[in-house]
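The values are calculated or read from the model by the stated rules, or taken from the named source; none is laboratory data. What you are looking at is a predicted structure, and each value in this text was computed from that prediction instead of being measured. Don't worry about glycine lacking a Cβ; one is built from the backbone with ideal geometry, like all the others, and counts go over all protein chains shown.
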Amino acid sequence: MTSSSVTAIHSRDNAFVKDLRRLAQDTTAYRKQGRVWLEGDHLCRAALARGLRASVAVFSESFWPQAQVEYARAATKFIVLADALFADVSGLESPAAMGFILDLPAPASLRPDAATVVLDRVQDAGNVGSILRSASAFGFRQVAAIKGSAALWSPKVLRAGMGAHFALDLIEGLALDDLAALQVPLLVTSSHAGDFLHRAALPWPCAWVMGHEGQGVSPALEDRASLRIRISQPGGERSRALTLSAPALVLWASKASLGLAGHRRWYQGYARRALRRCQRRRV
């Protein structure tokens, strides 16, 4: 790092600051700018751990003395903002002291044979980030988001994903017909049809469909499913606890199905206990 690569900014009217504010606070600004904003030490470290290098690293003035040593090789260019200016730009209630600007990855092509998670209009950023974490943890390679799903590289989804973005191929803005390219079985959950999750023989690789928080999987997409898996509730009730836990549960189930019989028996017990806990909770 040289002195010429470091710029200090104190003005709210600076063009870079205006663009950064949009990137940090506007859900879809990354699409127009072709860049993404990672705010906070955890996300930045996750990117570095994957071998990524920021185009710009941004630090608060008070954190800069420490950062210039710790992150000297993290970026091509370094920006130091006055603390009050960093707080104004930040999209967080408690602003971090640093962030990275990365070039938006080139759009990935849908891989026909890859273990896939399909987002069918999942709109809550926290839910999407949680699904990305589960997908990464349980061996899925790509996430395919149908139009109407939350913006995958938005700041809120990035924070909720906690670094999972960098381990996955992300494809967004898809139409239903685009999923015809997938050559792996399409799986959906159901409250009334199919085998129970803890009994089902799940294929691998596969494509699990995660449906809209209120409406579930669209009928058109459900009709394309190769397999329906049942997660029941007493009396047919829907539970928020079950809705939030189901993605992690089914993705883990697919990965566990690859294991030996002992692993499968462990999973079956785990699944039964998890479902009972969900059924007891009414949110």
(message) So in the range 15-44, with the set limited to residues that are out of contact with any Asp or Glu (no Cβ under 9 Å at 6 or more places or on another chain) and among the small types (Gly, Ala, Ser), which one is surrounded by the most Cβ atoms within 10 Å (Cβ to Cβ)?
(response) 40
(request) State which residue is modelled with the lowest pLDDT when the search covers only the range 159-212 and only residues that are part of a loop (DSSP other than H, G, I, E, B) and loosely packed, with under 14 Cβ neighbours inside 10 Å. (result) 192
(request) Within the range 125-161, work out how many residues are under 10 Å from the mean Cα position of the chain (by Cα) and under 23 Å from residue 256 (Cα atoms). (result) 12
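Out of 83, 103, 120, 113, report the one residue that is modelled with pLDDT of 95 or more and within 16 Å of the chain's Cα centre (by Cα). Please lay out each step first, then the result.
Numbers: 83 fails: within 16 Å of the chain's Cα centre (by Cα); 103 fails: within 16 Å of the chain's Cα centre (by Cα); 113 fails: within 16 Å of the chain's Cα centre (by Cα).
Among 83, 103, 120, 113, only 120 is modelled with pLDDT of 95 or more and within 16 Å of the chain's Cα centre (by Cα).
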(request) Would you be able to tell me the number of residues in the range 46-81 that are over 20 Å from residue 9 (Cα atoms) and in contact (Cβ under 8 Å) with a residue 40 or more places away in the chain? (result) 6
(message) Can you tell me which of (1) in the same structural domain as residue 253 (by TED's automatic domain parsing); (2) surrounded by fewer than 19 Cβ atoms within 10 Å (Cβ to Cβ); (3) farther than 18 Å from residue 43 by Cβ is the one residue 127 doesn't meet?
(response) (2)
(request) Could you tell me which residue of the range 222-253 is farthest from residue 126 (Cα to Cα), considering only residues that are assigned to a helix (DSSP H, G or I) and modelled with pLDDT of 85 or more? (result) 222
(request) Kindly list, by first and then second residue, each pair from a residue in the range 168-190 that is outside the structural domain of residue 205 (by TED's automatic domain parsing) to a residue that is surrounded by 15 or more Cβ atoms within 10 Å (Cβ to Cβ), limited to pairs with Cβ atoms under 9 Å and residues at least 6 apart or on different chains. (result) none
